[in-house]
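Working notes, structure below.
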Amino acid sequence: MNDEAKSEQTADERGEKDVPPPAETDVQADLLSVSDDEPDEGDAVSDDGTKPFWKRRAVWIAVIAVVALVVAGVAGGLAWSVHIREEALSDCRQSVVQIRRLAKTPLDKDANESQEVEKTDVADAKTWEALQKDQKKLTGLTNKDVPICNATSPGGAQNQQNGASSSLQVLKTARANVEKSAKAVLASKDAKTLKDVRDGLSAKAGQAKQLLDSSAGNVADDATRTALSQQIDAANGLVGNEKSKLADLQQTSQALDGAVNGVNASVQAKAAADAQAAAQAQAAAQAAQAAQAAQQQAQNWASQPQRQPAGGSSSSSQNDLANGFHVGGYNSFEEWMAHQVPLGNGCNAAGVCGIG
């Protein structure tokens with residue numbers, strides 16, 4: 001058995017049979033069985049040669065749909081345009097309201113306080129000049145007419161909204177600049193005040209040191225000089241410390257003034273006491289000198305011989321002698337005698353003194 005016979009036998013055993021390919025003539029016959037002249041349902045026409053009604057209706061529906069879409073688009077566009085315009089005008093009006101409110105709102109406390117500061121009151125004049133410039137700009141913006149919000153087109157309304165928003169932001173910035181500049185001016189003023197107080201305290205401490213030196217031994221109470229010395233040391237300590245606060249410098253300056261006044265008062269008290277003591281000593285010396293002179297004159301007078309005038313009485317002579325006798329501030333001889341201490345010479349009631 002050859003190979004071909006074996007293959008056929010095997011195929012028969014599996015129950016398979018070879019199917020021959022279709023003949024070419026059969027395929028062509030199938031293709032020719034379809035006629036090109038057979039009409040399609042979509043190409044059907046009515047008896048009068050026109051397309052059927054349902055086909056024409058589809059065309060009109062399509063046209064109407066397109067028109068509706070166009071109208072809806074136009075209407076939607078108009079509605080959206082109106083919405084954009086109204087929204088822009090609303091934002092514009094809100095900005096205008098804020099501009100008017102800010103124009104009436106006072107600035108902060110520092111800005112108001114800085115109005116009283118002069119250029120000579122600050123350590124840095126540039127801070128004062130910057131504040132004047134910022135205030136001038138703010139005044140111009142405050143007096144400027146507010147934006148208008150009445151545009152009829154979306155683009156115009158948007159432009160007005162942008163302008164109002166920009167004006168509001170410019171005004172806010174101008175106010176912030178003024179308040180910032182005001183703080184800088186006040187800080188510069190404090191710096192100058194601190195420097196002035198520091199310099200003043202330093203000069204005052206130097207003058208107090210001179211007083212302390214010159215008052216040695218010239219005060220009624222030396223404790224005042226001790227207090228002054230302590231205040232001088234405290235003042236010099238603050239002057240040499242860059243971190244010293246204004247309040248501490250001012251308080252120490254006042255304390256130093258008090259110590260200086262205490263020493264000056266003590267110096268004046270001692271001077272007054274010394275003057276009074278000197279006056280009393282001088283008065284005592286003058287009184288002693290007057291008493292000594294009167295005593296010497298009395299002794300000289302008592303040593304002279306007494307003579308009675310002719311025809312006259314001793315009382316008359318004594319009166320005449322008394323009327324002319326003025327020694328040591330006494331107005332009469334009797335007054336002088338009443339203040340004399342007997343030195344061993346006796347005098348009678350008539351005023352005649354004898355020796356021995």
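Being under 44 Å from the mean Cα position of the chain (by Cα) and under 18 Å from A265 (Cα atoms) is the filter here; which residues of segment 206-221 pass it?
Correct list: Q207, A208, K209, Q210, L211, L212, D213, S214, S215.
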Considering N241, N261, which residue is at pLDDT below 95 and open to solvent by 60 Å² or more (accessible area, probe 1.4 Å)?
N241
Which listed residue, of Q268, Q251, Q276, is under 20 Å from G200 (Cβ atoms) and in a helix (DSSP H, G or I):
Q251
Hey, could you check segment 97-112 for residues that are in a helix (DSSP H, G or I) and open to solvent by 90 Å² or more (accessible area, probe 1.4 Å) and say which is nearest to A176 (Cα to Cα)?
K109
Any chance segment 143-153 includes a residue that's part of a helix (DSSP H, G or I) and either open to solvent by less than 50 Å² (accessible area, probe 1.4 Å) or at pLDDT below 95 (or both)?
no
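Test E179 against the stated conditions and say whether it is under 29 Å from L246 (Cα atoms), within 22 Å of the chain's Cα centre (by Cα) and open to solvent by less than 90 Å² (accessible area, probe 1.4 Å).
Here the answer is yes, as E179 does meet what is asked.
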One residue from T226, T252 being at pLDDT 95 or above and exposed (fewer than 15 other Cβ atoms within 10 Å of the Cβ):
T226
Given the condition closer than 30 Å to D221 by Cβ and modelled with pLDDT of 55 or more, answer yes or no: does some residue in segment 284-298 qualify?
yes
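Give segment 222-244 a look and list any residue that's closer than 20 Å to K189 by Cβ and touching a residue at least 24 places away in the same chain (Cβ under 8 Å), or say none.
Matches in segment 222-244: S244 only.
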Within segment 129-142, considering residues that are in contact (Cβ under 8 Å) with a residue 12 or more places away in the chain and open to solvent by less than 70 Å² (accessible area, probe 1.4 Å), the one farthest from Q94 (Cα to Cα)
A130
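The values are calculated or read from the model by the stated rules, or taken from the named source; none is laboratory data. Given the structure is predicted, the values throughout are model-derived calculations rather than measurements. Glycine gets a Cβ as well: all are built from the backbone with ideal geometry, and neighbour counts include every protein chain shown. Calculation scope for accessible area: heavy atoms of the full protein, side chains included, ligands and nucleic acids excluded. Shrake-Rupley method; radii C 1.70, N 1.55, O 1.52, S 1.80 Å.
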